[in-house]
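To keep things clear, I will list the structure first and then write my remarks on it.
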Amino acid sequence: MKITAQIVEKHGLKLEEYENIKKLLEREPNFLELGIFSAMWNEHCSYKSSRVHLKKLPTKGKQVIQGPGENAGVIDIGDNDAIIFKIESHNHPSYIEPYQGAATGVGGILRDVFTMGARPIALLNSIHFGAPEHPKTKSLLNGVVSGIGGYGNCIGIPTVAGETKFNDTYNENILVNAMAVGHAKKDKIFYSKAKGLNKSVVYVGSKTGRDGIHGASMASAEFDENSEEKKPTVQVGDPFTEKLLMEACLELMKDNSIISIQDMGAAGLTSSSVEMASKGALGIELDLDKVPCREENMTPYEIMLSESQERMLIILEDGKEKNAKKIFDKWDLDFVVIGKTTNTNKLTLKFNNRIEGEIPIDALASNAPLYNRKWVKKKIQKTRIDLKKLKKIKIEDALIKILSSPNHSNKSWITNQYDQNVMCDTVQKSGSDASIIRIHNKDKAIAVSVDSSANYCKAYPLVGGKQIVCENWRNLITVGAKPLAITNCLNFGNPENKEIMGEFAECLEGIKEACEFLNYPVVSGNVSFYNGTNKKNIYPTPVIGGVGLIKKLSKPLNHNFKKNNSTVILIGKTFGHLEQSCFLKENYSINEGMPPEVNLLNEKNNGETLLKLIDKKLILSSHDVSNGGLITALSEMSIGSEYGIKIFKPKKLTNLYEYFFGEDQARYIVEIETNNLGKIEKILKENNTYYENIGLTQKEFFEIEKELKISTNDLFKINNEWYKNY
C-alpha cells in the first residue's frame, strides 16, 4: 500500500513527523511500520508535548524506591513493605462507550500495579461530568459508575475513595481517571527492563482481537461531531480473566523465573515490546504467527496495534518456560513463546516466514518527537467581588444551596455501587477526607485520597497547581497519615494551543513548588491532552492521588463529630477569600477572580503541627477546610454524626459571608476534649500556629449564635436529596 498524506494524517502523525520517520529508517516505512510509529509517537505514549515540563517535577526522596518511568511508582513504608501506585486517564474511551471505557480504565491501571509484583489493595477514581442538565450527562454518569463498580467488584479489589464533579466544561469530554494501589515486598519488585540475549519473550493472558486498535492514537486527538464513529477503538474488558491473570502472574513471581514483565496497555503488543527492549538497550524479534488470536485472518498490523485487554508480555530466564506454562495452564490462560531478545537493537516482526517490519528501537523510543511548544502566561483576572452589590441572602439559605448542589451532595448513590470492604482490610471507607487501608495482618496502614480543582487552575494555573497538591496533603493529614508521595493525572486541552500549553506549564510549576516544599515527590502519573471537542477545551484539571503512612493504627480518625460539649478549634488564619468560591458560584452563578493564595510555609507548619497533636492522641475528629469554606466543612462534620455544633459569632472578621464561606487555604477544623484545651494551645503556640476557638459540639442542632439554627437531621436530608431526585 502506498503511504499518502491522508494515510499519514489518519494515523495522527504530522507530515514533518513522517519525513523524520523516513530519515530515521533511511527509507519509506511500510503500512505496518507506519502503524507502529503512529502508536509510539502519539501523545499518549511518547509524552512529546509534556516531557520538557515533566522533567522539572521532584521525583526523589528517601521514601522513593522507583519514580516515573516504570509501570507504576514505588515507595518504602518500612518493614520490607512497599506500596506501588499510579493513576491514569481513560477519558476519550469513556465518553464514547462509558461502561467499557471506565471498566477497561480500571483493568489497565490494575495491571500496571500487579505487573510490578504488588497485590492490588485499593482502587480510587476521579470522574468529571458535564452539567447535570446536559442530555448526555445522566447516561454517561450511569455507564461510568457501573463500569468502575462492575470491574472492581468482579476482580475483588475494593474501590475505597474518589471524587465526582459536574461542570459544563466537560459537556463534550468527560474525565475518567482511575488509580490503583498495591502492596509488595521491597525485595520482590519486578521491572520492565529487558536483559540477556536469546531469552524467551512470552505472551500470556487473553487472546488478541480487533478491539482497541488505534486506541492510544484516538486518545491523542480532539473529538469532533464524528466521535461516535470511534466506538471500535474502545476496548472490551473481562474482569474474571484479569483476576486469573493477576493470580497467575503473582504465583509465577514467587520464584526467580521472570527477567522483566510489562502489561499490554495503550498500543498493546507494540508498546510493551518496544518499552522492554528500549529500557534494556536490546532488540526483540517477534513471530506474529504465534500470537494467540480470537478472530480469523488478523493481519500483522491488527495484531501489533490491538489493545485487547488482560494481556502481558514476559521475558523469562532460560529453562523456566515449562514450569511457567504449567502455572498459566492451571489458570486457564494462554502462554505462548512468541519471540526472543536479540542484540540488533531493532524490533523485528515476522509473519508467514517473512520479515514484515524492522524498526530501530531508538527510532520508536528515544528518538520520538520532543516539542517545547510555545506557551503564554495566564492573564490574571484580579476581579474583587463587591458583596454590597449582590442580592442579600441568608447564611442558612446560602449553606442549603451549597449542600444540595450536585458537587456537594452526598454521593452514596455512587459509592453504594462499589464494594469497599472486599479483602477485609478497608479500615475507613469513602466519605471522609481520606480512606484508610490496613497492611494485611499488621497494625500499620496507608491513607489514600484523590483531589482536583479545575476552577482554581483555570483562574490562575500556578496557584491552582499548588493548591491541589496542598489539599491532597491536608486530606491525608486529617486522618493521621504522614504524606509520602503522589501520582498525578494531568488532564488538559489541545497542547498546540499556546494558551492551553500555558495552563499546563504553569500548573506544573505550581505542582513542582508545592511538592518540593512539602517533600511530597511525584512517583508516577499520566498526561492526557486533547480533551476537547470542536476546538472547545476543558478547564485544566490536574488530578492528584496521594498516599500517606499511619505507622501504628489504633482508632481511625475521620471528620465526624464524636462527643457532646467538646471544643472545636480552627487551625489556620481566615482572611475571607470569596473569589472562585462555591458560595458565589452556587448562590450567584459568579465564577470570577483569583483563587485563594497558597502560603506553603503555613501549609507545612499547620499540617505538621496537627500531626503532632494526632500522634499525642489529643484529637477526636478533624477535617480540612476547602470548597465551601468553614461553614460547609463544619456542616459535613455534623451530617455524618449524631452531634451538631454551636458556633461562636466571630469577633475579628466582621463580614460573616467572608468568614463562613471564604476558601482560604492551610486550615483545619479539630474537635478536642475541652479539658485538653490548655495542653493543645501550648503545642500550637510553641509551633507558631494560628488558631481560634470557634465553638462547642451539641446534640441535634447546627447553630451559629443569633444567625442560624437547623437540625442535623434536616442537614442530612438536604445533603442527600440531589442524587435521589436526579
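The values are calculated or read from the model by the stated rules, or taken from the named source; none is laboratory data. Nothing here was measured: the structure is a model prediction, and the numbers come from that model. Don't worry about glycine lacking a Cβ; one is built from the backbone with ideal geometry, like all the others, and counts go over all protein chains shown. In case anyone asks, the SASA skips ligands and DNA or RNA and just uses the protein heavy atoms, side chains included. Shrake-Rupley method; radii C 1.70, N 1.55, O 1.52, S 1.80 Å.
Out of the stretch 5-30, which residues are in contact with a Lys or Arg (Cβ under 9 Å, 6 or more places away or on another chain) and more than 22 Å from Arg373 (Cα to Cα)?
If the condition is that a residue be in contact with a Lys or Arg (Cβ under 9 Å, 6 or more places away or on another chain) and more than 22 Å from Arg373 (Cα to Cα), then Glu28, Pro29 are the ones that fit.
So which of Leu313, Leu349 is within 34 Å of the chain's Cα centre (by Cα), part of a strand (DSSP E or B) and not β-branched (Val, Ile, Thr)?
Working: Leu349 fails: within 34 Å of the chain's Cα centre (by Cα).
The conditions single out Leu313.
Being of a type in the set (D, E, K, R), touching a strand residue (DSSP E or B) at 6+ places or on another chain (Cβ under 9 Å), at pLDDT 95 or above and outside any loop (DSSP other than H, G, I, E, B) is the requirement here; does Lys401 meet it? Please lay out each step first, then the result.
Numbers: of a type in the set (D, E, K, R): yes; touching a strand residue (DSSP E or B) at 6+ places or on another chain (Cβ under 9 Å): no; at pLDDT 95 or above: yes; outside any loop (DSSP other than H, G, I, E, B): yes.
Judged against the criteria, Lys401 is not a match.
Yes/no matrix, rows are residues, columns are (1) in contact with a Pro (Cβ under 7 Å, 6 or more places away or on another chain); (2) modelled with pLDDT of 95 or more; (3) of a type in the set (A, V, I, L, M, F, W, C):
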| position | (1), (2), (3) |
| --- | --- |
| Asn177 | no, yes, no |
| Ala184 | no, yes, yes |
| Asp211 | no, no, no |
| Gly215 | yes, no, no |
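Residues checked against (1) open to solvent by 10 Å² or more (accessible area, probe 1.4 Å); (2) over 22 Å from Ser435 (Cα atoms); (3) touching a strand residue (DSSP E or B) at 6+ places or on another chain (Cβ under 6 Å):
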{"position": "Lys482", "(1), (2), (3)": "yes, no, yes"}
{"position": "Thr487", "(1), (2), (3)": "no, no, yes"}
{"position": "Leu490", "(1), (2), (3)": "no, yes, yes"}
{"position": "Gly493", "(1), (2), (3)": "no, yes, yes"}
{"position": "Lys512", "(1), (2), (3)": "yes, yes, no"}
{"position": "Asn526", "(1), (2), (3)": "no, yes, yes"}
{"position": "Gly532", "(1), (2), (3)": "no, yes, no"}
{"position": "Leu553", "(1), (2), (3)": "yes, no, yes"}
{"position": "His559", "(1), (2), (3)": "yes, no, yes"}
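Can you name every residue in the stretch 416-438 that is without any contact (Cβ under 8 Å) to a residue 60 or more places away in the chain and either of a type in the set (Gly, Ala, Ser) or not in a loop (DSSP other than H, G, I, E, B) (or both)? Steps first, please.
Here is the first cut: in the stretch 416-438, the ones without any contact (Cβ under 8 Å) to a residue 60 or more places away in the chain are 416, 424.
The answer is none; no residue qualifies.
Scan the stretch 680-699 residue by residue and report those that are open to solvent by less than 60 Å² (accessible area, probe 1.4 Å) and outside any loop (DSSP other than H, G, I, E, B).
Quick first cut of the stretch 680-699, residues open to solvent by less than 60 Å² (accessible area, probe 1.4 Å) only: 680-681, 683-684, 687, 689, 691-692, 694-698.
Passing the criteria: Ile680, Glu681, Ile683, Leu684, Tyr691, Glu692, Ile694, Gly695, Leu696, Thr697, Gln698.
Is it fair to say Lys56 is within 22 Å of the chain's Cα centre (by Cα), within 30 Å of Glu356 (Cα to Cα), of a type outside the set (Gly, Ala, Ser) and in a loop (DSSP other than H, G, I, E, B)? Spell out how you get there, then give the answer.
Values: within 22 Å of the chain's Cα centre (by Cα): yes; within 30 Å of Glu356 (Cα to Cα): no; of a type outside the set (Gly, Ala, Ser): yes; in a loop (DSSP other than H, G, I, E, B): yes.
For Lys56, the condition - within 22 Å of the chain's Cα centre (by Cα), within 30 Å of Glu356 (Cα to Cα), of a type outside the set (Gly, Ala, Ser) and in a loop (DSSP other than H, G, I, E, B) - is not met.
Consider the stretch 454-510. How many of its residues are under 29 Å from Gly182 (Cβ atoms) and aliphatic (A, V, I, L, M)?
12
Any residue at all in the stretch 564-578 that is open to solvent by 10 Å² or more (accessible area, probe 1.4 Å), among the basic types (Lys, Arg), over 22 Å from Phe492 (Cβ atoms) and without any contact (Cβ under 8 Å) to a residue 60 or more places away in the chain?
Checking the stretch 564-578: not a single residue is open to solvent by 10 Å² or more (accessible area, probe 1.4 Å), among the basic types (Lys, Arg), over 22 Å from Phe492 (Cβ atoms) and without any contact (Cβ under 8 Å) to a residue 60 or more places away in the chain.
Per-residue answers, yes or no, for (1) over 20 Å from Asn560 (Cβ atoms); (2) without any contact (Cβ under 8 Å) to a residue 60 or more places away in the chain; (3) of a type in the set (Ser, Thr, Tyr); (4) surrounded by 15 or more Cβ atoms within 10 Å (Cβ to Cβ):
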| residue | (1), (2), (3), (4) |
| --- | --- |
| Gly678 | yes, yes, no, no |
| Phe701 | no, yes, no, yes |
| Leu708 | yes, no, no, yes |
| Asp714 | no, yes, no, no |
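Across the stretch 579-617, what is the number of residues that are among the basic types (Lys, Arg) and crowded, with 19+ Cβ neighbours inside 10 Å? Explain how you work it out, then say what you get.
The first filter runs over the stretch 579-617 and keeps only residues among the basic types (Lys, Arg), leaving 585, 604, 612, 616-617.
Next, only the ones that are crowded, with 19+ Cβ neighbours inside 10 Å stay: 585.
Residues that pass the stated criteria total 1.
Does the stretch 376-393 hold any residues that are in a loop (DSSP other than H, G, I, E, B) and open to solvent by less than 100 Å² (accessible area, probe 1.4 Å), and which are they?
From the stretch 376-393, those in a loop (DSSP other than H, G, I, E, B) are 376-386, 390-393; that's our starting set.
Selection gives Val376, Lys378, Ile380, Gln381, Thr383, Ile385, Asp386, Leu390, Ile393.
Which condition number does Gly237 fail, the rest of (1) open to solvent by 30 Å² or more (accessible area, probe 1.4 Å); (2) over 17 Å from Ile303 (Cα atoms); (3) modelled with pLDDT under 95; (4) not hydroxyl-bearing (Ser, Thr, Tyr) being met?
It fails just one condition, (1).
What is the residue count in the stretch 51-90 for residues that are acidic (Asp, Glu), surrounded by 23 or more Cβ atoms within 10 Å (Cβ to Cβ) and closer than 21 Å to Lys186 by Cα?
The initial filter retains those residues of the stretch 51-90 that are acidic (Asp, Glu), namely 70, 76, 79, 81, 88.
Now restrict to residues that are surrounded by 23 or more Cβ atoms within 10 Å (Cβ to Cβ): 70, 88.
Next, from what is left, pick out any that are closer than 21 Å to Lys186 by Cα: 70.
Counting residues in the stretch 51-90 that are acidic (Asp, Glu), surrounded by 23 or more Cβ atoms within 10 Å (Cβ to Cβ) and closer than 21 Å to Lys186 by Cα gives 1.
Out of all the residues in the stretch 481-500, is one or more over 19 Å from the mean Cα position of the chain (by Cα) and assigned to a strand (DSSP E or B)?
For the stretch 481-500, residues over 19 Å from the mean Cα position of the chain (by Cα) and assigned to a strand (DSSP E or B): present.
Taking the condition of being at negative phi, assigned to a loop (DSSP other than H, G, I, E, B) and open to solvent by 10 Å² or more (accessible area, probe 1.4 Å), how many residues in the stretch 534-546 meet it? Before you say what the answer is, go through the steps one by one.
Initial filter on the stretch 534-546 (at negative phi): 536-546.
From what's left, assigned to a loop (DSSP other than H, G, I, E, B): 538-540.
If we keep only those that are open to solvent by 10 Å² or more (accessible area, probe 1.4 Å) too, we end up with 539.
Residues meeting the conditions: 1.
Restricting attention to helices (runs of 4 or more DSSP H) lying wholly within the stretch 578-661, give those where 1 or more residues are farther than 18 Å from Asp451 by Cβ and of a type in the set (Asp, Glu). It would help to see each step written out before you state the result.
Numbers: elements: 582-588, 600-615, 629-639, 656-661.
Where helices (runs of 4 or more DSSP H) fall fully within the stretch 578-661 and carry at least 1 residues being farther than 18 Å from Asp451 by Cβ and of a type in the set (Asp, Glu), they are 582-588, 600-615, 656-661.
Could you grab the pairs with beta carbons closer than 9 Å, sequence gap of 6+ or different chains, first residue in the stretch 379-399 and within 22 Å of Ile704 (Cα to Cα) and of a type in the set (Asp, Glu), second one outside any helix (DSSP H, G or I) and modelled with pLDDT of 90 or more?
Partner pairs satisfying both residue conditions: Glu396/Ile704; Glu396/Leu708; Glu396/Lys709; Glu396/Ile710.
Considering only residues that are among the hydrophobic types (A, V, I, L, M, F, W, C), at pLDDT 95 or above, touching a Gly at 6+ places or on another chain (Cβ under 9 Å) and closer than 26 Å to Ile155 by Cα, which ones fall in the stretch 259-304?
Those that are among the hydrophobic types (A, V, I, L, M, F, W, C), at pLDDT 95 or above, touching a Gly at 6+ places or on another chain (Cβ under 9 Å) and closer than 26 Å to Ile155 by Cα: Ile261, Cys293.
Select from the stretch 241-252 the residues that are open to solvent by 10 Å² or more (accessible area, probe 1.4 Å) and of a type outside the set (Lys, Arg) and write down the one among them that is nearest to Phe114 (Cα to Cα). Talk me through it step by step, then tell me what you get.
Pass one, the stretch 241-252, residues open to solvent by 10 Å² or more (accessible area, probe 1.4 Å): 241, 243-244, 247, 250-251.
Among the residues that remain, those that are also of a type outside the set (Lys, Arg) are: 241, 244, 247, 250-251.
Details: Thr241: 14, Leu244: 12, Glu247: 9, Leu250: 7, Glu251: 11 Å.
Once the filter is applied, the top-ranked residue is Leu250.
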